[in-house]
1. When residue A:142 is evaluated against the numbered criteria (1) under 30 Å from residue A:219 (Cβ atoms); (2) modelled with pLDDT of 90 or more; (3) within 14 Å of another protein chain (Cβ to nearest Cβ), which criterion, by number, is the only one it fails?
2. Which count do you get for residues in region B:278-331 that are polar (S, T, N, Q) and under 28 Å from residue B:366 (Cα atoms)?
3. What are the residues in region B:136-158 that are within 24 Å of the chain's Cα centre (by Cα) and loosely packed, with under 11 Cβ neighbours inside 10 Å, if any?
4. Counting just the residues of region B:259-284 that are surrounded by fewer than 18 Cβ atoms within 10 Å (Cβ to Cβ) and assigned to a helix (DSSP H, G or I), which one comes out nearest to the other protein chains (Cβ to nearest Cβ)?
5. Please specify each residue of region A:115-127 satisfying the condition of being within 14 Å of another protein chain (Cβ to nearest Cβ) and either surrounded by fewer than 17 Cβ atoms within 10 Å (Cβ to Cβ) or more than 18 Å from residue A:155 (Cα to Cα) (or both).
6. Quick check: is even one residue across region A:128-136 part of a loop (DSSP other than H, G, I, E, B), within 13 Å of chain B (Cβ to nearest Cβ), of a type outside the set (Phe, Trp, Tyr) and surrounded by fewer than 20 Cβ atoms within 10 Å (Cβ to Cβ)?
7. Return the residues of region B:122-158 that are among the aliphatic types (A, V, I, L, M) and farther than 28 Å from residue B:240 by Cα; say none if nothing qualifies.
8. Residue check, residue B:160 against (1) in a loop (DSSP other than H, G, I, E, B); (2) under 22 Å from residue B:351 (Cβ atoms), all met but one. Which one?
Amino acid sequence: MSDRDSNDAPIIILRGVHKWFGQFHVLRDLNLDVWKGQKVVVCGPSGSGKSTMIRCINRLEEHQRGHIVVDGIELTGDVRNVDAIRREVGMVFQQFNLFPHLTVLENLILAPTWVRKVPKDEAVATAMELLERVGIPEQAQKYPGQLSGGQQQRVAIARALCMRPVIMLFDEPTSALDPEMIKEVLDVMTELAQQGMTMIVVTHEMGFAKSVADLMVFMDQGEIVEQSPPSEFFVNPRSERTKLFLSQILRH
Amino acid sequence: MADIHAETDAPRTGREAAPLAPPTERVGALRWMRANLFNSPLNAVLTVLCAWLLWRTIPPILDWALFDATWQGDSREACAGVSGACWTFVKVRFGQFMFGFYPPDQRWRVVFAFVLLIVAAAPLFVRGFRHKVTLGIGILLVYPLLAFILFHGGAFGLPVVRTPLWGGLFLTLVIAGVGIASSLPIGILLALGRRSEMPVVRLLCIGFIELIRAVPLITVLFMASVMLPLFLPPGVNFDKLLRALIGVALFSSAYMAEVVRGGLQVIPRGQYEAAQALGLNYAKMMALIVLPQALRIVIPGIVNTFIGLFKDTTLVLIIGLFDLLGIVQTALTDAAWLGFALEGYVFAGFGFWIFCFGMSRYSMRLERRFSSGRGY
């Protein structure tokens, strides 16, 4: 990190990344650069490897070939590297994955106090500030099971932000939500994007993608088929597969 | 519960036509009986039959145990001509039933140790107390040593009371207590080991669990008491009670491990992933996220194992230790008190029932508390 200025190297680098689940070749030769502050939206049909790709970036999945470098640290089998990267990379899941036995506030301060060793008062202050930002400070003492899906996902975003990450990964954050709750989550994400967070978002919300993304990535059958700015991607897609996908997803 | 049934059953009995009245909580006794006890000819017959059976059994039992029983005197002559139970027998032997052959002038030590435990553990049962985990672990680490010094003596001017003199309910509680306190931590480690990704650890844990579970406790106790000394060098002789304790602890750990594993298996993958994504390492992920949820889910199974263990302590009789049941049985063979087996066994059964029922109630309370408001 020291010999490298974060401004002249991408914060996330994927080079020739391959991954297999048993015999199944899920990721094929992925190459992707994400720069600091960039918002990347990844789309593609289900089973195309979108989730697997972003799960490789914080090592929830292991890649078998190629290189992944995050914030100057290469992801290898070295546990210290993995821990270092997970501290810098926040993740939001489709199923929220809040800890049901802890209150909202406890969900938020758990990792800061146990992993970053932040004093409890400070962690609570940060947590309340973030709950304020996602618009639900009054829910701090409730348990996740008492909240709506949209509220839970906003808590999950706040929980990831509590670790002060430099990168946020979103794995289909609105796919498990009822339609009327999608907007409240997307609003929080849009605000986060405007504040300059580096984000990779796997989503089918093309409205969000158009307004927020700097870079669109289209994946199919484990390959990155196309990556381009949204202006080009939506208006003038190059590959036939992208055209087909967009025609299916934008029809209604 | 019965009232709720009366209400929920009502709409199905042909009164749908009437406009729905708001459900009322209060139901008259007569209406309750009609809805619950006499709502069909078969149920009416069963109700009458049950009432008759209760009438035939409960009053005689109460007569025997209470109204016609005697507590008077201190020899069997006091019970001559008494048609009910002769609790005199239990009264005279009570000290022995509680403490075994522990010297009467030293029994205060046992009582003191148990009072100490109750006082130290009391905050654990107070709802608002914030340091439950710290206190619980503290008790688990400090109390066994303290209790050993008090029970066994040999320090601080306390005369030594050797373990063959320990007995009765005291011994039952020692064995059950050690078994309970050690089986949960060891069981958790075994359960985690069984799911470990390291083949050596996994195989060792599976081997241990499957070996112990496939053998009756009596066999384990026999092995511990008869076989073990054969393998030790001559002159090395470690305490019979200690051997029984180790046997019971290992035995119950194997069962506990499987109960805990059942809980671990229902924790969704997402919980592990969320914990990992936040940077928690394996130990913190397990201790803070996975185990608290898994253990809550299997509280009924854990308490079930505890209750089974508590009653299994009676098997130590086989290796010559006298727990509550053992000491009662010994007293029954006393020539001066022949013929009072029923009183003895009822008393021993009652002793076990109090503790097991207590555990069961506590587990129900825990379950109710943990199920309120949590999202699972």
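The values are calculated or read from the model by the stated rules, or taken from the named source; none is laboratory data. Because the structure is predicted, anything quoted here is derived from the model rather than measured. Every residue, glycine among them, receives a Cβ derived from its backbone with ideal geometry; neighbour counts consider all protein chains shown.
1. Among (1) under 30 Å from residue A:219 (Cβ atoms); (2) modelled with pLDDT of 90 or more; (3) within 14 Å of another protein chain (Cβ to nearest Cβ), the lone unmet condition for residue A:142 is (1).
2. Residues in region B:278-331 being polar (S, T, N, Q) and under 28 Å from residue B:366 (Cα atoms): 5 in total.
3. The answer is B:141, B:145.
4. Checked region B:259-284; the qualifying residue nearest to the other protein chains (Cβ to nearest Cβ) is B:270.
5. Within region A:115-127, A:115, A:116, A:117, A:118, A:120 qualify.
6. no
7. Matches in region B:122-158: B:122, B:124, B:126, B:133, B:135.
8. Going through (1) in a loop (DSSP other than H, G, I, E, B); (2) under 22 Å from residue B:351 (Cβ atoms) one by one, residue B:160 breaks only (2).
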